[in-house]
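The values are calculated or read from the model by the stated rules, or taken from the named source; none is laboratory data. This is a predicted model, so every value here is computed, not measured. Because the Cβ atoms are built from the backbone with ideal geometry, glycine has one as well, and the counts that use them run over all protein chains shown.
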Amino acid sequence: MPISKLKRDLSACTICKDRFAATRTRHGPRPIVWFDKGARLLIASQAPGARAHDGGRPFIDPSGNRLRDWMGVDGDTFYDRSRVAIVPMAFCFPGYNAQGSDLPPPPVCAKTWRADILEQLPDIRLTLLIGGYAQKYHLGGDATSVTDTVARWRDHAPAIIPLPHPSWRNTAWIKRNPWFETELLPVLKSRVKEALAP
Ligand code: SF4
């Protein structure tokens with residue numbers, strides 16, 4: 001299927017309409033479609049947050065600032081779809097649970113769309129697996145807990161680098177695992193630079 005049709009169909013997807021209507025925010029589906037043929041870096045993330053849902057653009061929040069900082073890229077580079085594909089495990093904001101955290105990405109989304117989209121991105125040189133859902137999908141049995149998977153990042157480098165979610169909720173995790181900033185992040189920055197080099 002041509003990528004343009006795939007993007008059109010994905011943009012119009014309403015499979016989770018009833019599921020989202022039953023959440024506290026009662027929002028409708030709004031798939032955030034952010035990839036183009038030729039992209040060389042894949043950000044396999046979890047699902048858009050409420051701000052991304054409102055703004056129609058992924059990672060427009062403090063998590064996005066932290067992720068760009070980890071990667072060592074500016075906003076123009078990060079949002080250049082012809083270079084960076086942002087393909088989450090679900091393309092719509094899933095809503096909140098009773099504690100106010102984002103609900104998990106609906107599994108039907110990856111089942112319906114993910115394989116076809118990844119097939120349209122043959123030039124990916126580096127894949128960043130953000131959080132447990134993307135790690136499980138892409139690494140299968142190799143992904144245990146996020147902490148273990150990220151701690152074993154060297155097993156998957158240089159083509160794949162697993163990361164925790166850049167949310168403020170993980171600030172304590174980052175402090176508890178100082179190797180993340182001292183060992184992993186310098187390699188991440190260098191791999192991102194290589195992957196995006198002409
Ligand atoms: S989350 Fe995925 S499957 Fe569900 S409505 Fe959005 S695009 Fe469709």
Quiz item: Applying the selection to the stretch 175-192, what residues are in a helix (DSSP H, G or I) and either in contact (Cβ under 8 Å) with a residue 60 or more places away in the chain or within 20 Å of Gln46 (Cβ to Cβ) (or both)?
Solution: Phe180, Leu184, Leu185, Leu188, Lys189, Arg191, Val192
Exercise. Mind telling me which of the residues Phe78, Phe59, Phe35 ends up being surrounded by 15 or more Cβ atoms within 10 Å (Cβ to Cβ), within 16 Å of the ligand (Cβ to nearest atom), aromatic (Phe, Trp, Tyr) and under 22 Å from Tyr133 (Cα atoms)?
Key: Phe35
Quiz item: If you check Ala12 against the conditions, is it within 19 Å of Ala134 (Cβ to Cβ), within 12 Å of the ligand (Cβ to nearest atom) and at pLDDT 95 or above?
Solution: no
Self-check item: Filter result for the condition that a residue is of a type in the set (Asp, Glu) and in contact with a strand residue (DSSP E or B) (Cβ under 7 Å, 6 or more places away or on another chain), over Asp148, Asp102, Asp116, Asp123
Solution: Asp102
Practice problem: Return yes or no: is Leu163 touching a strand residue (DSSP E or B) at 6+ places or on another chain (Cβ under 9 Å) and surrounded by 13 or more Cβ atoms within 10 Å (Cβ to Cβ)? | Solution: yes
Quiz item: For the stretch 86-136, how many residues meet the condition of being among the aliphatic types (A, V, I, L, M) and not in a helix (DSSP H, G or I)?
Solution: 12
Practice problem: Working carefully through the options Ala172, Ala157, Ala195, find the one that is assigned to a helix (DSSP H, G or I) and touching a Lys or Arg at 6+ places or on another chain (Cβ under 9 Å). | Solution: Ala195
Self-check item: Lone unmet requirement of (1) over 18 Å from Asp69 (Cβ atoms); (2) not in a helix (DSSP H, G or I) for Asp148
Solution: (2)
Practice problem: Assess whether Leu129 counts as being within 28 Å of Ala197 (Cβ to Cβ), buried (at least 22 other Cβ atoms within 10 Å of the Cβ) and at pLDDT 95 or above. | Solution: yes
Exercise. Select from the stretch 33-57 the residues that are closer than 22 Å to Pro122 by Cβ and touching a Phe, Trp or Tyr at 6+ places or on another chain (Cβ under 9 Å) and list them in ascending order.
Key: Val33, Trp34, Leu42, Ile43, Ala44, Ser45
Practice problem: May I ask you to verify whether His53 is within 12 Å of the ligand (Cβ to nearest atom) and more than 19 Å from Trp113 (Cα to Cα)? | Solution: no
Self-check item: Lone qualifier among Val108, Val84, Val73 - being farther than 14 Å from Arg30 by Cα, modelled with pLDDT of 95 or more, β-branched (Val, Ile, Thr) and within 16 Å of the ligand (Cβ to nearest atom)
Solution: Val108
Practice problem: Check whether at least one residue in the stretch 93-103 is within 9 Å of the ligand (Cβ to nearest atom), buried (at least 17 other Cβ atoms within 10 Å of the Cβ) and either free of Cβ contacts under 8 Å to residues at least 24 places away in the same chain or of a type in the set (A, V, I, L, M, F, W, C) (or both), and report yes or no. | Solution: yes
